[in-house]
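Asks: Quick one: structure below, then a few questions.
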Amino acid sequence: MTQVPERPTVDGLEAKWSQRWEADGVYRFDRTATRDQVFSIDTPPPTVSGSLHMGHVFSYTHTDNIARYRRMAGDEVFYPMGWDDNGLPTERRVQNYFGVRCDPSLPYDENFEPPADGGDAKAVDARGELAISRRNFIELCHVLTAEDEHAFEALWRQLGLSVDWSMTYATIDERCQRIAQRAFLGNLERGEAYQIEAPSLWDVTFGTAVAQAELEDRERPGAYHRIAFHRTGSPRSRNGPLPGSTVEIETTRPELLAACVALVAHPDDERYQPLFGSTVLTPLFGVEVPVVAHKLAEPDKGTGIAMICTFGDTTDVTWWRELDLPVRAIVDRRGRISPDPPHGIEGTAGREAYERLAGRTVGGARTETVELLRGSGDLIGEPRQITHAVKFFEKGDRPLEIVSSRQWYIRNGGRDAELRDALIARGSEMTWHPPYMQGRYTNWIEGLSGDWLISRQRYFGVPIPLWYPLDDAGEPIWVQPLVPGDGALPVDPSSDVPAGYDESQRGQPGGFVGDHDVMDTWATSSLTPQIACGWSEDPDLWERTYPMDMRPQGHDIIRTWLFSTAVRSHLGHDCAPWHHCALSGWILDPDRKKMSKSKGNVVTPVDLLDTYGADAVRYWAANGRPGTDTAFDEGQMKIGRRLAIKLLNAAKFALSLTGGATPGATADAGPDGRAGPVCNALDAALLAELAGLVRAATDAFENFDYARALERSEQFFWRFTDDYVELAKGRAYGGQGEEAAADAHLTLTAALDVLLRLFAPFLPFVTEEIWSWWRDGSVHRATWPDAGEIDALVPDHPSGAFELTASVLSEVRRAKTEARRSLRVPAEKVRVGSTAVHIATLEQTRADLIDAGRIESLTFVTDDSLAHPEVDVTLAPDDA
RNA sequence: GGGCGCUUAGCUCAGCUGGCGAGAGCACCUCCCUUACAAGGAGGGGGUCGCAGGUUCGAGUCCUGCAGCGCCCACCA
């Protein structure tokens with residue numbers, strides 16, 4: 001009945017068991033379960049164009065710990081996996097790999113074959129890339145990401161994630177596109193999505209607008225340039241401006257001088273109050289601009305008066321909007337100065353100055369402007385070098401510009417206090433792990449400065465599913481978008497045709513034009529609950545899984561993924577998307593820096609899994625507290641491996657001795673005919689502690705604190721092997737008779753049985769292996785241990801017998817070790833002094849103590865004044 | 001500048017609602033092939049729990065202030 005290997009090993013368990021689990025459908029979701037029986041997990045879809053690193057292994061293991069616990073605790077776990085193949089990383093990768101470029105204006109080519117080496121020369125453009133249709137491009141994406149997905153899945157299986165692999169999705173697949181478009185059209189219909197021409201943050205490298213959530217600040221060198229503006233009517237002197245005739249401002253962006261539309265100072269700033277309402281002339285360009293007042297102007301910054309340009313930063317946009325100023329834009333979408341001067345630059349000198357800047361990059365224009373200002377004498381002193389924070393697109397490498405363009409937005413509370421408050425309130429409907437992470441969510445919402453810009457001027461992604469009618473002049477009528485029918489989704493407006501039109505009318509006056517843009521990748525990612533749970537496609541599944549129970553994710557993407565998902569659920573379903581958010585920390589390298597590819601400090605998971613085994617790697621991960629950044633530490637993996645091996649050996653010992661005497665807490669007796677109760681004091685004490693451990697581990701798991709559950713179980717386990725097994729060994733071998741052995745057998749198997757289940761969420765392979773030695777079915781479908789069942793085995797609740805006996809044994813060992821003798825050497829005399837109560841207890845475990853300590857003569861001396869037992873040991877003479 | 005987190009042995013960290021004679025693992029040192037395990041086992045040294053006050057019979061644990069580190073947000077004149 002039991003099949004315990006001679007030399008158990010942890011090697012090879014991953015391949016063996018992941019195969020079996022798949023074959024037996026151990027993790028298959030039972031979709032007949034009702035909502036209250038289901039625990040649904042909104043798994044983060046990893047970006048497949050990269051590679052998985054230890055950070056992924058870390059956080060996905062945490063989720064799996066929880067998933068496995070919930071499954072054993074009786075929940076039907078809904079645990080799908082997605083792949084994020086949407087967005088810029090994949091676009092770039094497909095582009096480089098195949099030497100192609102997406103051009104949405106091209107028609108789909110059914111017979112298209114990816115070029116082997118950059119493609120056929122005639123179709124290749126100036127950049128050496130072959131232009132293909134969006135649909136062809138997306139197909140190539142699937143070709144490329146399919147390989148990644150297989151590699152990722154293989155890694156996850158090797159790691160032992162208990163995902164239901166029959167439920168996967170890819171964020172660019174047809175179903176996800178359909179759901180993303182349908183959700184967008186829902187937002188549009190309810191008035192939550194809108195289009196507007198407005199200044200927005202623009203990445204000149206990627207040529208697209210970006211959202212507030214995708215920004216990051218980077219410290220860059222810059223310089224303050226002090227520039228003189230001339231008050232109108234003030235005469236200019238050959239020797240320089242007359243006192244009081246100029247106004248000096250400081251700027252880090254002198255190249256925007258031509259875009260200046262006003263100067264601004266704080267309304268209470270006495271220095272500039274006389275100037276409010278007057279006008280000044282911009283140097284070089286001679287444009288007359290007003291001096292205005294606004295409370296955002298800071299008197300102690302620079303000279304206290306600033307130039308407002310369209311647009312140098314987001315404050316400029318605020319001033320421009322609130323003060324109703326004109327637009328004088330000079331930076332184009334490529335980040336260059338526009339060829340033609342903006343209105344207002346009328347004079348010859350001004351036009352000549354502008355000529356010198358036109359077509360240059362922002363940086364080039366800056367140098368040139370400074371030269372011009374030097375020449376005109378309007379640069380006061382030399383530029384002062386500083387370091388300041390500049391806004392970047394998080395994936396970009398050039399500073400963002402602000403460009404006015406027509407974009408689609410989804411309301412997210414950035415411009416609407418009521419919605420903002422409602423979204424903040426949604427945060428309180430979720431339980432945050434750890435709790436303080438909610439602060440980041442609230443904090444982010446409170447700091448929003450505008451709605452969510454979702455359109456991107458890119459080619460690859462989910463298209464915005466709209467067309468626009470063209471008027472007789474061929475101009476789009478933006479306010480009357482043509483909406484596809486639901487049955488047509490997903491659509492690609494660049495190749496599909498709106499109802500009532502035919503392809504020949506594309507771009508023709510009176511015809512139509514497709515929206516060229518795609519949606520931000522977060523616009524799809526924000527719908528992972530809808531995608532995973534089958535919203536609008538599988539109402540039955542939806543009913544059983546949504547709102548979801550748990551969203552695991554990194555704390556760095558609270559402002560993007562977490563928040564945008566909350567927005568979509570709030571708008572679309574009037575609820576929070578999940579009941580629990582579990583935020584995981586980062587993996588830090590030994591220098592306490594976040595590990596990342598660019599820093600070159602990434603260790604590949606496969607190597608580590610091969611070296612230490614999945615259970616060991618998982619052990620390391622599970623030691624990371626929820627939400628806490630954790631150092632990458634191979635040492636922990638060694639310990640994890642040791643733990644797994646120890647489990648194998650302890651199990652081998654227990655089972656080979658007991659034959660698997662299963663302690664039926666209830667009626668069914670074990671093979672040797674007994675089912676408790678356990679009378680031996682040592683055994684009973686151990687089991688009582690085990691019951692306490694089960695309670696602690698269960699509590700910890702209920703609070704999503706897998707790390708604590710592991711720590712407690714591990715601590716108990718080592719005491720079990722080091723002390724209990726050593727003490728009970730002789731008795732278990734039969735040294736004190738059959739009756740006494742039976743209790744030990746029961747206790748050993750009961751403890752093993754419970755410990756295996758406690759460790760199963762962490763060490764799924766080794767626990768399954770051991771389980772299979774004497775049990776049917778998977779340990780991962782076994783019931784989570786119940787403290788009450790263990791209590792039932794020990795009617796007399798003993799106290800402290802285990803700990804007390806172990807401490808005496810420890811003293812005996814110490815004496816032997818300190819005498820530099822083997823532990824096998826007999827202790828001729830051991831005298832234990834302790835309180836009457838302790839001695840009464842020790843009397844009950846006396847025989848075990850004598851066995852384990854090889855004690856020849858054991859005497860107890862009562863001394864109630866002792867807080868801790870005193871142990872005197874006399875060893876047998878050393879023959880050597 | 002606003003908010004949050006962290007600061008306990010050389011290193012990585014536990015210490016949850018105050019009782020700890022301050023813990024674990026790693027590293028270090030010593031000893032032991034003991035029939036589950038030498039890819040083991042048994043032991044040992046090592047900390048005024050960031051600093052300063054306060055509450056309390058009692059504070060690593062609660063309160064206040066300070067310092068250092070880190071993160072999020074704001075900061076482009």
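The values are calculated or read from the model by the stated rules, or taken from the named source; none is laboratory data. Bear in mind the structure is a predicted one, so any value in this text is a computation, not a measurement. No Cβ is skipped: glycine too gets one built from the backbone with ideal geometry, and neighbour counts run over all protein chains shown.
Asks: Run residue A:427 past the list (1) touching a residue at least 24 places away in the same chain (Cβ under 8 Å); (2) farther than 17 Å from residue A:551 by Cα and report the number of the one that doesn't hold.
Replies: Of (1) touching a residue at least 24 places away in the same chain (Cβ under 8 Å); (2) farther than 17 Å from residue A:551 by Cα, only one is false for residue A:427: (2).
Asks: For the range A:35-47, indicate whether the set of residues that are in a loop (DSSP other than H, G, I, E, B), more than 18 Å from residue A:551 (Cβ to Cβ) and either within 28 Å of the chain's Cα centre (by Cα) or within 16 Å of RNA strand B (Cβ to nearest atom) (or both) is non-empty.
Replies: So far as the range A:35-47 goes, no, none of its residues is in a loop (DSSP other than H, G, I, E, B), more than 18 Å from residue A:551 (Cβ to Cβ) and either within 28 Å of the chain's Cα centre (by Cα) or within 16 Å of RNA strand B (Cβ to nearest atom) (or both).
Asks: Take the range A:676-715 and flag every residue that is polar (S, T, N, Q) and more than 35 Å from the chain's Cα centre (by Cα). Explain how you work it out, then say what you get.
Replies: Step one: filter the range A:676-715 for residues polar (S, T, N, Q), giving A:680, A:698, A:703, A:713, A:715.
Scanning the range A:676-715 gives a single hit, A:680.
Asks: Where the second residue is modelled with pLDDT under 85 and of a type in the set (Ser, Thr, Tyr) and the first is within 16 Å of residue A:584 (Cβ to Cβ) and near RNA strand B (Cβ under 9 Å from one of its atoms) and lies in the range A:620-641, which pairs have Cβ atoms under 7 Å and are six or more apart or on separate chains?
Replies: A:624/A:630
Asks: Just checking, how many residues over the range A:652-679 are charged (D, E, K, R) and either assigned to a helix (DSSP H, G or I) or modelled with pLDDT of 75 or more (or both)? Steps first, please.
Replies: At the first step, the residues of the range A:652-679 found to be charged (D, E, K, R) are A:652, A:668, A:672, A:674.
Within this subset, residues satisfying the condition of being either assigned to a helix (DSSP H, G or I) or modelled with pLDDT of 75 or more (or both) are A:652.
Total meeting the criteria: 1.
Asks: A further question follows. I want to confirm something. Restricting to the range A:442-487 and keeping residues that are small (Gly, Ala, Ser) and buried (at least 19 other Cβ atoms within 10 Å of the Cβ), which single residue is modelled with the lowest pLDDT?
Replies: Taking the range A:442-487 and keeping what is small (Gly, Ala, Ser), we get A:447, A:449-450, A:455, A:461, A:473-474, A:485, A:487.
From what's left, buried (at least 19 other Cβ atoms within 10 Å of the Cβ): A:455, A:461.
Details: A:455: 94, A:461: 88.
Out of the qualifying residues, it is A:461.
Asks: Within the range A:367-386, is there a residue that is within 26 Å of the chain's Cα centre (by Cα) and near RNA strand B (Cβ under 9 Å from one of its atoms)?
Replies: Our first condition is that a residue be within 26 Å of the chain's Cα centre (by Cα); within the range A:367-386, this holds for none.
So far as the range A:367-386 goes, no, none of its residues is within 26 Å of the chain's Cα centre (by Cα) and near RNA strand B (Cβ under 9 Å from one of its atoms).
Asks: Restricting the search to the range A:405-441, which residues are surrounded by fewer than 17 Cβ atoms within 10 Å (Cβ to Cβ), at pLDDT 90 or above and farther than 25 Å from residue A:189 by Cα?
Replies: Within the range A:405-441, A:428, A:429, A:431 meet the criteria.
Asks: Has the range A:54-62 got at least one residue that is within 20 Å of residue A:531 (Cα to Cα) and modelled with pLDDT of 95 or more?
Replies: In the first step, residues of the range A:54-62 are kept if they are within 20 Å of residue A:531 (Cα to Cα); the result is A:60.
From what's left, modelled with pLDDT of 95 or more: none.
So far as the range A:54-62 goes, no, none of its residues is within 20 Å of residue A:531 (Cα to Cα) and modelled with pLDDT of 95 or more.
Asks: Right, something else. Considering only residues that are under 41 Å from the mean Cα position of the chain (by Cα) and closer than 22 Å to residue A:255 by Cβ, which ones fall in the range A:292-306? So that I can check it myself, show each step before the final result.
Replies: In the first step, residues of the range A:292-306 are kept if they are under 41 Å from the mean Cα position of the chain (by Cα); the result is A:294-298, A:300-302, A:306.
Result: A:297, A:301, A:302, A:306.
Asks: Also, I was wondering about something else. Which helices (runs of 4 or more DSSP H) sit wholly inside the range A:680-765 and have at least 3 residues that are away from RNA strand B (no atom under 12 Å from the Cβ) and free of Cβ contacts under 8 Å to residues at least 40 places away in the same chain? Even if it seems obvious, please write down each step before you answer.
Replies: Values: elements: A:681-702, A:706-719, A:726-732, A:738-759.
So the answer is A:738-759.
Asks: Same structure again: Which of the residues that make up the range A:371-398 are in contact with an Asp or Glu (Cβ under 7 Å, 6 or more places away or on another chain) and of a type in the set (Asp, Glu)?
Replies: A:394
Asks: Working only within the range A:820-840, note down all residues that are of a type in the set (Gly, Ala, Ser) and near RNA strand B (Cβ under 8 Å from one of its atoms). Full working, then the answer.
Replies: Our first condition is that a residue be of a type in the set (Gly, Ala, Ser); within the range A:820-840, this holds for A:822, A:827, A:833-834, A:836, A:840.
Within the range A:820-840, A:822 is the sole residue that qualifies.
Asks: Looking at A:830, A:825, A:837, A:873, can you tell me which residue is modelled with pLDDT of 90 or more and under 27 Å from residue A:744 (Cβ atoms)? Write out each step before concluding.
Replies: On the way: A:825 fails: modelled with pLDDT of 90 or more; A:837 fails: modelled with pLDDT of 90 or more; A:873 fails: modelled with pLDDT of 90 or more.
So the residue among A:830, A:825, A:837, A:873 that is modelled with pLDDT of 90 or more and under 27 Å from residue A:744 (Cβ atoms) is A:830.
Asks: Also: Quick check on this structure: which one of A:101, A:7 is basic (Lys, Arg) and either over 30 Å from residue A:650 (Cβ atoms) or modelled with pLDDT of 95 or more (or both)? Outline the logic, then answer.
Replies: Values: A:7 fails: either over 30 Å from residue A:650 (Cβ atoms) or modelled with pLDDT of 95 or more (or both).
Exactly one residue qualifies, and that residue is A:101.
Asks: Is it the case that some residue within the range A:169-184 is surrounded by fewer than 17 Cβ atoms within 10 Å (Cβ to Cβ), under 30 Å from residue A:254 (Cα atoms) and at pLDDT 90 or above? Step through it out loud before you land on a result.
Replies: First, the residues of the range A:169-184 that are surrounded by fewer than 17 Cβ atoms within 10 Å (Cβ to Cβ): A:174-175.
Filter once more, so that each one left must be under 30 Å from residue A:254 (Cα atoms): none.
No, the range A:169-184 contains no residue that is surrounded by fewer than 17 Cβ atoms within 10 Å (Cβ to Cβ), under 30 Å from residue A:254 (Cα atoms) and at pLDDT 90 or above.
Asks: I've got another one for you. Among all residue pairs at least 6 apart or on different chains, which show Cβ distances below 7 Å where the first residue, located in the range A:2-28, is more than 24 Å from residue A:642 (Cα to Cα) and the second is among the acidic types (Asp, Glu)?
Replies: Listed pairs, sorted by first residue: A:27/A:164; A:28/A:164.
Conditions (1) assigned to a strand (DSSP E or B); (2) surrounded by fewer than 18 Cβ atoms within 10 Å (Cβ to Cβ), marked per residue:
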| position | (1), (2) |
| --- | --- |
| A:69 | no, no |
| A:86 | no, no |
| A:89 | no, yes |
| A:92 | no, yes |
| A:95 | no, no |
| A:101 | yes, no |
| A:108 | no, yes |
| A:111 | no, yes |
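Asks: Condition first: on the phi < 0 side of the Ramachandran plot, hydroxyl-bearing (Ser, Thr, Tyr) and surrounded by fewer than 16 Cβ atoms within 10 Å (Cβ to Cβ). Can you find one or more residues in the range A:488-504 that meet it? Spell out the reasoning first.
Replies: Of the range A:488-504, the ones on the phi < 0 side of the Ramachandran plot are A:488-499, A:501-504.
Next, only the ones that are hydroxyl-bearing (Ser, Thr, Tyr) stay: A:494-495, A:501, A:504.
Next cut, surrounded by fewer than 16 Cβ atoms within 10 Å (Cβ to Cβ) only: A:504.
Yes, the conditions are met somewhere in the range A:488-504.
Asks: Can you tell me which of (1) modelled with pLDDT under 90; (2) more than 10 Å from RNA strand B (Cβ to nearest atom) is the one residue A:617 doesn't meet?
Replies: (1)
Asks: For the range A:185-207, which positions are within 25 Å of residue A:136 (Cα to Cα) and modelled with pLDDT under 90?
Replies: Step one: filter the range A:185-207 for residues within 25 Å of residue A:136 (Cα to Cα), giving A:185, A:205-207.
Listed by number, the residues that qualify are A:205, A:206, A:207.
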